[in-house]
Structure formats: structure tokens, C-alpha cells
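*Asks:* Input: one structure, supplied below.
The values are calculated or read from the model by the stated rules, or taken from the named source; none is laboratory data. Since the structure is predicted, the reported quantities are computational estimates derived from the model, not experimental observations. Cβ placement follows ideal geometry from the backbone for every residue including glycine, while neighbour counts extend to all protein chains displayed.
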Amino acid sequence: MIYNSLNNTDITISEFGFGASPFGNIYNKPISDEEAYQCIKLAIDNGINYFDVAPYYGQGIAEKKLAKALGKQAKEIILSTKVGRYGKQDFDFSAKKIEQSIQYSLQLFSREYLDIVFCHDIEFVDSKTILSIALPTLSKLKEKGLIKAIGISGYPLKTLYNTAQQFPLDIILTYSQYTLINQTLKLYEQKFQQLGIDIINASPFDMGLLTTKNCPKWHPATESIKKEVKHLLNECQKKAISLEKLAFQYSLAYKFPLSHLTGIGSLTDLKQCLKWYQTSLDTPSLNTIKTLLHNNEIRTLK
């Protein structure tokens, strides 16, 4: 396992990160407490030390399940969680709620501090709230030693970058912005480097879109993109190419981000991803995918 260091901290995280959002039963297959425990054990045994979760995932279910599965090991891993989003339309970035949320997470994981805390999905609220209330509150908690690193998370890179220009951040988490069908993060690489901000790239599978069976009904992609990806999956199956394997390996081959967070929803999925992680990128199959993508006019590979 390769590990990368977060700027200006003593935090070192595995480049293959464990995304615990599926622990909130938000995808097609629920995961039991026992299987969650087995996933955590296998992940740690294979060198994964970075785990990410949020109160929003399953309205608290994911955090509770991850804490229970980690047990005493919760103090030994690198943990990131989030504040500000608690439901589909439930956002609260007030200082009081943030402090309550942090205290709850600390108690849940039996820790004296949290490694990383993100303001969750900042594009859905007024930027003034993030800049004048949420981030200053996290900064004060960092000064008190309750948080080691603070950041923001969301999808639109322009919004994330604009915010980073106005407030000193340690790290940014973005998702689905470096995948087989979207490499927009590459366009912002130099900009984030100039700001001295590290990046977490989440969701190599584009929240299940680039999988055969785990794309949830709530996925925000347009019907046009879903149709094209389904066609791509069919073409890959005809050519005996695993789109999932290439999606995972393609993202992990990009070395700019500190870590690539991958949502783990079953022991089988984790075993498969670990196997892919230890295998070289299949360049001939990737070239075939590039051709198919171009022919189908999905967002083109750079």
C-alpha cells in the first residue's frame, strides 16, 4: 500500500481509501454489522488506514455502523467525517450544530480528536455561510485540538476552488471528478497545488454508475448519460472487459490526489478492489474503452 502525507500535518493516509457511505444502506444492497466488521478487518489487514464517513449517509446509520465495526481500532486509523448536511434537504452550518456534530462524532468513535472534518456539500448553501460561520468554527475547533485538518467537500470544482481562495484550508474532497468518463479534476490540479491544498478524489465508480448492478435510483446523472453508460457496459461485456476493474484502476493510477475514496458495500467488493489494486492497469482494454467512449460521445477521456 502506498501512503501520502497531508501538508503541514502528521497525517499519512493510504492512497486506497475506504468510503463508508454504503454502510448507511444508501445503495442497492444493505450491509450487515457482521459483514461491515469483516470489511474493516480485511481493509486494515491489507494496509488501508483511511476511512471516511458522514452523518448524512443513512441519516447516521453509516457513522454508527463504522464506529461499531472499528471498535477500539477507531483510535488507530485516519478518520474523516463531515458536518453541515444531515438529510437530503437538511443543511445546518451554524456554529452550534457544528460543535454538537463534532462532539457526537468524538463520542461515537471514542476519540479525543478527529483527523479530518469537511463541510459537507457546500454547493447547496450560501457561500457566506461557509466562509463566515462554518469554516471559522472548524478553525477554532482545530485550534482547540479537536480537529487536525479542516476542509470542504462537494461536486463542482469551481465552487470548491473559489472557496479555497478565500479561506485557508488543509484539504478538499471532491467526487466523480476523475473517472473513466470525467477528468475535470485534472484541469484544476495546478490551481490546487498553487494554493497548497491537498485533494481527496472520491468515487472511482461514479457513485455506482460505472458498475453492473449497484447504480442507485437516486443517481443524479442525466438519463442520457445513464443510457450511454449502459450501452458502454453492454459493449464491454461483449468484449469480455470489466468496466468496473478499469474504472477503479484508472482512477487509482492518477497520483495527484492524496487518496482515492472507494465506497465499500460488501466483503466481495472489497476483495475484488484489493485484487485490482495489486494488478497493473490493463492498457489494451483501456484503449478499447477510450474508443468506445469516443464513439458513444460520452464525456471524452483526456
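*Asks:* Which of (1) charged (D, E, K, R); (2) in contact (Cβ under 8 Å) with a residue 24 or more places away in the chain; (3) over 23 Å from THR174 (Cβ atoms) is the odd one out, the single condition ASP45 does not satisfy?
*Replies:* Tallying (1) charged (D, E, K, R); (2) in contact (Cβ under 8 Å) with a residue 24 or more places away in the chain; (3) over 23 Å from THR174 (Cβ atoms), ASP45 fails exactly one: (2).
*Asks:* Which one is modelled with the lowest pLDDT, of the residues in region 268-291 that are surrounded by 18 or more Cβ atoms within 10 Å (Cβ to Cβ) and hydrophobic (A, V, I, L, M, F, W, C)?
*Replies:* ILE289
*Asks:* Select from region 274-289 the residues that are in contact (Cβ under 8 Å) with a residue 24 or more places away in the chain and part of a helix (DSSP H, G or I) and list them in ascending order.
*Replies:* Result: LEU274, TRP276, TYR277, SER285, LEU286, THR288, ILE289.
*Asks:* Out of everything in region 43-62 that is assigned to a helix (DSSP H, G or I) and touching a helix residue (DSSP H, G or I) at 6+ places or on another chain (Cβ under 6 Å), what residue ends up being surrounded by the fewest Cβ atoms within 10 Å (Cβ to Cβ)?
*Replies:* So the first thing to find is which residues in region 43-62 are assigned to a helix (DSSP H, G or I), and the list is 43-45, 61-62.
Within this subset, residues satisfying the condition of being touching a helix residue (DSSP H, G or I) at 6+ places or on another chain (Cβ under 6 Å) are 61-62.
Working: ILE61: 15, ALA62: 26.
Checking each candidate, the answer is ILE61.
*Asks:* Continuing with the same structure: I'd like to verify a number: residues in region 21-54 that are at pLDDT 95 or above, touching a strand residue (DSSP E or B) at 6+ places or on another chain (Cβ under 7 Å) and not polar (S, T, N, Q), how many?
*Replies:* Qualifying residue count, region 21-54: 8.
*Asks:* Looking only at region 85-114, count how many residues are farther than 13 Å from ILE130 by Cα and assigned to a loop (DSSP other than H, G, I, E, B).
*Replies:* So the answer is 10.
*Asks:* If you don't mind, there's one more thing I want to ask. Test of understanding: among LYS158, LYS148, LYS72, LYS82, which residue is at pLDDT 95 or above, assigned to a helix (DSSP H, G or I) and among the charged types (D, E, K, R)? Show your work before the answer.
*Replies:* On the way: LYS148 fails: assigned to a helix (DSSP H, G or I); LYS72 fails: at pLDDT 95 or above; LYS82 fails: assigned to a helix (DSSP H, G or I).
Result of the check over LYS158, LYS148, LYS72, LYS82: LYS158.
*Asks:* Would you mention how many residues in region 161-210 are part of a loop (DSSP other than H, G, I, E, B) and either under 17 Å from PHE118 (Cβ atoms) or in contact with a His (Cβ under 9 Å, 6 or more places away or on another chain) (or both)?
*Replies:* First, the residues of region 161-210 that are part of a loop (DSSP other than H, G, I, E, B): 167-170, 176-178, 180-181, 183, 196-197, 203-210.
Then keep just the ones that are either under 17 Å from PHE118 (Cβ atoms) or in contact with a His (Cβ under 9 Å, 6 or more places away or on another chain) (or both); that gives 167-170, 176-178, 197, 203-204, 206-209.
Result for region 161-210: 14.
*Asks:* Which condition number does GLN103 fail, the rest of (1) more than 21 Å from THR9 (Cα to Cα); (2) over 15 Å from the mean Cα position of the chain (by Cα); (3) at pLDDT below 95 being met?
*Replies:* If we test GLN103 against (1) more than 21 Å from THR9 (Cα to Cα); (2) over 15 Å from the mean Cα position of the chain (by Cα); (3) at pLDDT below 95, just (3) comes out false.
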